[in-house]
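Written below as structure tokens is the structure these notes are about.
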Amino acid sequence: MLQARKMMMRGWLLSAAAVAMVASGCANMTETQRDVAVGAGLGAVAGAVIGDGKGAAIGAGVGAAGGYVWSRYMENKRAQMQRATAGTGVQVTQTDDNRLKLNIPSDITFDTNRSDIKPNMRPILDDFADGLYDQPGMEIYIIGHTDSTGNDAINDPLSVDRANSVRDYLIRRGVDGRSIRTEGRGSHEPIASNNTPAGRAANRRVEIYLAERAGAANDGRAGYGNEPGNTPIGTPAR
């Protein structure tokens, strides 16, 4: 029995390592797909150490979720942002890897070829920043996008400037800048046709992701631990 368990664990370890190696080296994967695949491999390794195949399977599931937890705080934050953005065109969703996503369109964010935040966007960012200074361990990821007007030499840095404008505003509202990552993707990830004004407006957007690491909900710091606000609640309906 002991030998069988050792062989099973060895198999899980090898499989998990292969998943992680293949995923991390696949250039055609998106960042989220890569993180999920690598996380699944590493999670399986951790689960296998627990001692049996079921532990490895559970570990793979946790790892595939990117190590993020959807706590009561995250659910409350989603509800807060849905109320704050009602009727604005902002999409507030929970991603498959348990991040809170805000997709903010151009009629609120930026004009063509501009990176300064429009006044209509400020109340939304104010609500987003509200309370985050009391929640250490949160991770914020901001991605700027442009339409296809102009070329990559213009659009790529413009999308970075847009993401950084949002970051700088959040920092002024008290959010810890060390928790924020920014990226610009130019016009390379359109969500609508660039052949119409409406399509270009949809593509000229900012995406903001908020995530809570699984360990942060129980690490004993202020705003965490066993407080009701950060009790993990699973995966509610999107």
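The values are calculated or read from the model by the stated rules, or taken from the named source; none is laboratory data. Bear in mind that the values here come from a model prediction, so they are computed numbers and not experimental data. Positions of Cβ are backbone-derived with ideal geometry, glycine not excepted, and every protein chain shown enters the neighbour counts. These area figures cover heavy atoms from the full protein model, side chains too; ligands, DNA and RNA do not enter into them. Shrake-Rupley method; radii C 1.70, N 1.55, O 1.52, S 1.80 Å.
Quickly run through region 134-156 and pick out the residues that are out of contact with any helix residue (DSSP H, G or I) (no Cβ under 9 Å at 6 or more places or on another chain) and more than 14 Å from Arg185 (Cα to Cα). The one that is out of contact with any helix residue (DSSP H, G or I) (no Cβ under 9 Å at 6 or more places or on another chain) and more than 14 Å from Arg185 (Cα to Cα): Asp134.
Pairs linking a residue in region 130-156 that is over 16 Å from Met74 (Cβ atoms) to a residue that is acidic (Asp, Glu) and open to solvent by 50 Å² or more (accessible area, probe 1.4 Å), with Cβ atoms under 8 Å and 6 or more positions apart or on different chains, are Tyr133/Asp176; Ile142/Glu183; Ile143/Glu183; Gly144/Asp161; Gly144/Glu183; His145/Glu189. Considered as a group, the residues in region 84-93 that are not hydrophobic (A, V, I, L, M, F, W, C) and not in a loop (DSSP other than H, G, I, E, B) include one that is most open to solvent (accessible area, probe 1.4 Å), and that residue is Gln91.
Summed over region 73-83, the residues that are surrounded by fewer than 20 Cβ atoms within 10 Å (Cβ to Cβ) and either at pLDDT below 95 or within 15 Å of the chain's Cα centre (by Cα) (or both) give a count of 1. Here Val90 clears all of (1) closer than 25 Å to Asn155 by Cβ; (2) of a type in the set (Val, Ile, Thr); (3) more than 17 Å from the chain's Cα centre (by Cα) except the condition numbered (3).
For region 94-107, which positions are open to solvent by less than 10 Å² (accessible area, probe 1.4 Å) and either within 17 Å of Ile124 (Cα to Cα) or small (Gly, Ala, Ser) (or both)? Lay out the reasoning, then the answer.
As a first pass, look at region 94-107 and keep what is open to solvent by less than 10 Å² (accessible area, probe 1.4 Å): 94, 100, 102, 104, 106.
Across region 94-107, the qualifying residues are Leu100, Leu102, Ile104, Ser106.
In region 166-184, the count of residues that are over 22 Å from Thr109 (Cβ atoms), surrounded by 14 or more Cβ atoms within 10 Å (Cβ to Cβ) and either more than 21 Å from the chain's Cα centre (by Cα) or at pLDDT 90 or above (or both) is one or more. The single condition from (1) surrounded by 15 or more Cβ atoms within 10 Å (Cβ to Cβ); (2) of a type in the set (Lys, Arg); (3) at pLDDT below 95 that Arg221 fails is (1).
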